[in-house]
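Following: one structure in structure tokens, then a few remarks.
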Amino acid sequence: MNAVVQVALPFWGFEAATYELVAARENQVFRIEMGGVAHAMRLHRVGYRSDAELQSELDWMAAVSKHGLDVPSPVSSRDGAVMHLVEGVQVDVLTWIKGAAMGAMGQPLTFAHQPQVFEQLGREMARLHEASDAWAPGNGFTRWHWDREGVFGAQPVWGRFWDNPTLTPTQKETLIRARIAAQQDLAAMEAELDYGLIHADLVRENVIMAGDRLSFIDFDDGGFGYRLFDVATTLFKNKDTPNFAELKAALLAGYRAIRPLDATLLPLFMFARAASYVGWIIARMDEEGATERNARFITQAVDAAHDYLKVRGGITV
């Protein structure tokens, strides 16, 4: 992709910039530096997002940035556009967020004052939801819907997790049973749930720490969804932390200091988040390390399904 970067740089007047690859997940992200100023150039996976979806994401980030949140915001090119098609690849440029990721998957958290940080994380998540609610997207705004259909319907956003070909009959039965229960519970209670634009991927790698500041990056999975799905994503990815109960309480307290949060269905959304990865991996089975990740995802999803089914009907948080 270096050739695409080299062709794209002049669109933004970065002919003299240096660049390096810093992330290669769904998209490739390059750190562009010129004159002591850094930017993030994203090369989007071909065919993954439409131009309208990417423009909507950029508009959303610009809006919440103007609202006072520390998130990347789009940088206009020389002709005023915020996105260009370069060698068949959609390319955009964002402001660079300084700092270091909160942590990495599978690694212990190493920063101090962890409950205080998680309380702040809860506050920032709530502020993101508030800023999103305060913004009125244009008529062309289009993003994924992490709603009941998008999470548990016939064609979930990230795939039919119960059809993962490596599931044992018992594992499949457990996931289907929990899916049916979740559909029933959501149908009964979703009118009372907070719903709107969510980040949908506030994992450790997407929370940037710099001093006493927390920033959110990588809005690629963002769209309309239950706010509990955002909360569950962060908690699920920290569930194996030894002090998880303390971190969970701090996150919820921080969120509730900014806006109300009914966490009655949190176990359901912990299952939803876990199950989504079992669907996501289906199309990526040929990638390096996929076998191990798939096995881990299935174990986590089945455990989350059992946890949800155990407490169903009498949950207190």
- Which numbered condition residue 170 fails, given (1) closer than 19 Å to residue 301 by Cβ; (2) buried (at least 21 other Cβ atoms within 10 Å of the Cβ): (2)
- Message: I need every pair where a residue in region 182-205 that is of a type in the set (Lys, Arg) has its Cβ under 7 Å from the Cβ of a residue that is surrounded by 13 or more Cβ atoms within 10 Å (Cβ to Cβ), sequence separation at least 6 or different chains.
- Response: 204/101; 204/102; 204/103; 204/237
- Selected residue [within 26 Å of residue 47 (Cα to Cα), touching a residue at least 60 places away in the same chain (Cβ under 8 Å) and in a loop (DSSP other than H, G, I, E, B)] from 286, 220: 220
- Output the residue which, of all residues in region 76-92 that are touching a strand residue (DSSP E or B) at 6+ places or on another chain (Cβ under 7 Å) and assigned to a strand (DSSP E or B), is nearest to residue 123 (Cα to Cα). 92
- Task: For region 133-192, enumerate the residues that are over 19 Å from the mean Cα position of the chain (by Cα) and among the β-branched types (Val, Ile, Thr).
- Result: 166, 168, 170, 174, 176, 180
- Query: If you go through region 79-123 one residue at a time, how many are surrounded by 19 or more Cβ atoms within 10 Å (Cβ to Cβ) and touching a His at 6+ places or on another chain (Cβ under 7 Å)?
  - Reply: 5
- State which residue is nearest to residue 117 (Cα to Cα) when the search covers only region 240-283 and only residues that are hydroxyl-bearing (Ser, Thr, Tyr) and assigned to a loop (DSSP other than H, G, I, E, B). 241
- Message: Looking only at region 268-295, how many residues end up being among the charged types (D, E, K, R) and either surrounded by 14 or more Cβ atoms within 10 Å (Cβ to Cβ) or touching a His at 6+ places or on another chain (Cβ under 6 Å) (or both)?
- Response: 2
- Query: With region 1-75 as the region, which strands (runs of 3 or more DSSP E) entirely inside it contain at least 3 residues that are surrounded by fewer than 13 Cβ atoms within 10 Å (Cβ to Cβ)?
  - Reply: 18-24
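Where a number appears in this text, it was derived from the coordinates with a stated rule and is not lab data. Small disclaimer: the values here were computed from a predicted structure and weren't measured. Note that each Cβ is placed from the backbone with ideal geometry, even for glycine, and that neighbours are counted across all protein chains shown.
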